[in-house]
Amino acid sequence: MSLDLGALPEGAIRGDRLWKRFRDDDRRWKIGHQVKAKVDQWRHQDESYWRYVLRDVSFEIAPGESVGLVGPNGSGKSTLLKLLTGTMYPYAGTLAVEGRIGALINLSAGIVSDLTGKDNIFLYGSLLGLKRAEVAKKYDQIVEFADLQEAVDRQIKFYSSGMQKRLGFSVACHLDPAILLIDEVLAVGDATFQQRCLNRMQQVVESGTTLVLVSHDLAAVEGTCNRCLWLNDGVLLADGPIRDVLGIYRQWIEEVSEQLQGVKGEIEILKATATDGDRGSPRSDEPMEVRLVVQSDRAYHTTFFLGVSEGPATPIFVLRYNGHLEEGENEVVCMMRHLPLPRGRFYVWVYAKDNRNKQLLPWHPACFFDVIGNRLQRAPRGIIRLSSVQVTGDWTIS
Amino acid sequence: MKCGREIFPIEQIGTSLFDMVLAGIPFGLLFVRYQYMPTSTIYWVIPLFALQMALTIGLGLALSTLSVYFRDIRQVIGGIMTVGLFISPVAYPLSSIPPSYRLPLSIVNPFVPLIDGYRPAILFHQKPDLHLLGPAAVTCVVVMIVGYVVFRRTEIGIADVA
Ligand SMILES: Nc1ncnc2c1ncn2[C@@H]1O[C@H](COP(=O)(O)OP(=O)(O)OP(=O)(O)O)[C@@H](O)[C@H]1O
Ligand SMILES: [Mg+2]
């Protein structure tokens, strides 16, 4: 047990050396099996049953902070949120959470699918300890935000999964929580709703609510939070300002996906670089040179595709070139005259096929580069930008 | 303040109570139809009901969490209820049980004196048999306490296995 340094202020969270373990046991439903397990435990042979999902995680979050929680699949993010809501209890360590919690962790939690949307709003409110009148005051806002006016009187089981998530998010963040816990909201909603969620989270944070946001959409985390926790395999690897932590996290992802490099089709990329043409980092609006050293076993008429992405396989833009590859090592150079990218890290993806449409090289990342330049200009609220292309313009008003 | 998870099994009991109230309406109508006044011992219904609630809540709390851990319990409960119906004086009077069996049966199954207590208290101007009800009351209270403790201790891991 930790020493308790007095009561926490409303909206604060403190986790102290938290551990969580699960039993990997597909026969736990059977009473006889449980008895056997108890006997084993009694004989001290039981440790092998347990898998530790959170290991010695300690952190403290002050009221009003907005914290992103990132990490690869299965690293224990959702588990940590469930501990925060009190759905699960830690195996060891102490956890103090002060204030009302609004949470959207999994779709079905707190939602009764036989009730209508309207009933569920009131039910959820009363589970949080709100009076009916208090919920009624917020009711219109909730429905309007979720944009479900025509569906509130329908049973939840007939909602689409996006509609359920809308309702869940709307309820969670409108009932004046002191702490808002959000796990992957953005995954299901349509584009407009995603943006509205982001805006709403921004407002909620501005109003002084503590936010913990779990997402694999790092841009969204970066835009919403000012601090970040990185969980990896149950261990808290980093805790700090959002840019620093996301920086090393992205780098780590890159290292992991580097195993993708050296992908071999009919031809092979030996080396790939993206520079300003002179070994320096490329700059916004300046020329950029991508240089590929390609090894080929024979001569090909080739079509190269070169894409630039923020990490995932969907490129921001694509360049295409028809050329002739000789047997042996070839150097393929692509010079872009104006790089329309803002500051940040980007990835070069490559694909090649021959003139009979046979794939020579699968679509895969070849290298990354960091652009020096201005930060991406923000779109107005409620407007979704599809990709982070930055074009500088000369403006006049007359 | 967030409400505890006890609310869920107790809510189920509440639902059943509502059923019982509805079922009581025709019963009340029968009293009117036959112009039969409930007897003066009717106040015994209150302690009987309190004990019944204690017993039900205790069982409900314990079984609710245990049946999450052991799914079989849900299947078995139906059978146990049927057996319980036959070892309780629902369809037969307690007097048809040999006197020497009554006390042990009441201790093991407190529903015996509870069910047997309602009828005479409402209809026949008789107090329940306190020699049976006393020990059964102890069982009820013990079941409630044990049920609550079991619930508290098993509730912790529910989300891990559900
Ligand atoms: N109730 C449970 N019983 C057993 N194992 C569990 C349970 N809940 C989670 N786990 C395991 O704990 C680990 C962490 O899961 P968790 O859901 O917290 O991951 P996550 O970080 O949220 O991943 P994702 O990014 O995919 O959402 C996983 O290996 C998962 O299989
Ligand atoms: Mg998760």
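Annotations
- Members of the range A:209-220 found to be more than 16 Å from ligand 2 (Cβ to nearest atom) and either open to solvent by less than 10 Å² (accessible area, probe 1.4 Å) or within 18 Å of A:A103 (Cβ to Cβ) (or both), listed by number: A:T209, A:T210, A:L211
- Filtered residues of the range A:67-81 (kept if open to solvent by 10 Å² or more (accessible area, probe 1.4 Å) and either more than 6 Å from ligand 1 (Cβ to nearest atom) or more than 14 Å from chain B (Cβ to nearest Cβ) (or both)): A:P72, A:N73, A:G74, A:K77
- In the range A:221-244, the residues that are modelled with pLDDT under 90, away from ligand 2 (no atom under 15 Å from the Cβ) and either open to solvent by 70 Å² or more (accessible area, probe 1.4 Å) or in a helix (DSSP H, G or I) (or both): A:E222, A:G223, A:T224, A:N226, A:I242, A:R243, A:D244
- Complete set of residues in the range A:42-66 that are away from chain B (no Cβ under 14 Å) and at pLDDT below 90: A:W42, A:R43, A:H44, A:Q45, A:D46, A:E47, A:S48
- Residue in the range A:86-139 that is most open to solvent (accessible area, probe 1.4 Å), counting only those that are within 16 Å of ligand 2 (Cβ to nearest atom) and more than 12 Å from every other protein chain (Cβ to nearest Cβ): A:L107
- Candidate set from the range B:70-101 (those that are in a helix (DSSP H, G or I) and in contact with a helix residue (DSSP H, G or I) (Cβ under 6 Å, 6 or more places away or on another chain)); member that is surrounded by the most Cβ atoms within 10 Å (Cβ to Cβ): B:L94
- Selected residue (criterion: nearest to ligand 1 (Cβ to nearest atom)) from residues of the range B:108-143 that are assigned to a helix (DSSP H, G or I) and open to solvent by 80 Å² or more (accessible area, probe 1.4 Å): B:V108
- Restricting attention to the range B:52-111 and to residues that are of a type in the set (F, W, Y) and away from chain A (no Cβ under 14 Å), the residue that is farthest from B:T139 (Cα to Cα) turns out to be B:Y92.
- Listed by first and then second residue, the pairs with beta-carbon distance under 7 Å, at least 6 apart or on different chains, first residue in the range B:88-117 and touching a residue at least 40 places away in the same chain (Cβ under 8 Å) and among the hydrophobic types (A, V, I, L, M, F, W, C), second part of a helix (DSSP H, G or I) and open to solvent by less than 20 Å² (accessible area, probe 1.4 Å), are B:L114/B:L48; B:L114/B:A136.
- For the range A:375-389, the criterion of being over 22 Å from the mean Cα position of the chain (by Cα) and under 29 Å from A:G280 (Cα atoms) is satisfied by no residue at all.
- Meets criteria (over 16 Å from B:V143 (Cβ atoms), within 14 Å of chain A (Cβ to nearest Cβ) and loosely packed, with under 14 Cβ neighbours inside 10 Å) for B:Q35: no
- Residue pairs meeting the criteria (Cβ under 7 Å; at least 6 apart or on separate chains; first facing chain A (nearest Cβ under 7 Å), in the range B:151-162; second open to solvent by 20 Å² or more (accessible area, probe 1.4 Å) and within 16 Å of ligand 2 (Cβ to nearest atom)): B:A159/A:K82; B:A159/A:T87; B:D160/A:F22
- The one condition in (1) assigned to a strand (DSSP E or B); (2) at pLDDT 90 or above that A:A272 fails to fulfil: (2)
- Residues in the range A:360-387 that are at pLDDT 75 or above and more than 21 Å from A:K271 (Cβ to Cβ): A:I372, A:G373, A:N374, A:R375, A:L376, A:Q377.
The values are calculated or read from the model by the stated rules, or taken from the named source; none is laboratory data. Quick caveat: nothing in here was measured; it's all calculated off a predicted structure. For neighbour counting, all protein chains shown are included, and Cβ atoms are generated from backbone atoms with ideal geometry for every residue, glycine included. The accessibility values were calculated without ligands, DNA or RNA, using every heavy atom of the protein model including side chains. Shrake-Rupley method; radii C 1.70, N 1.55, O 1.52, S 1.80 Å.
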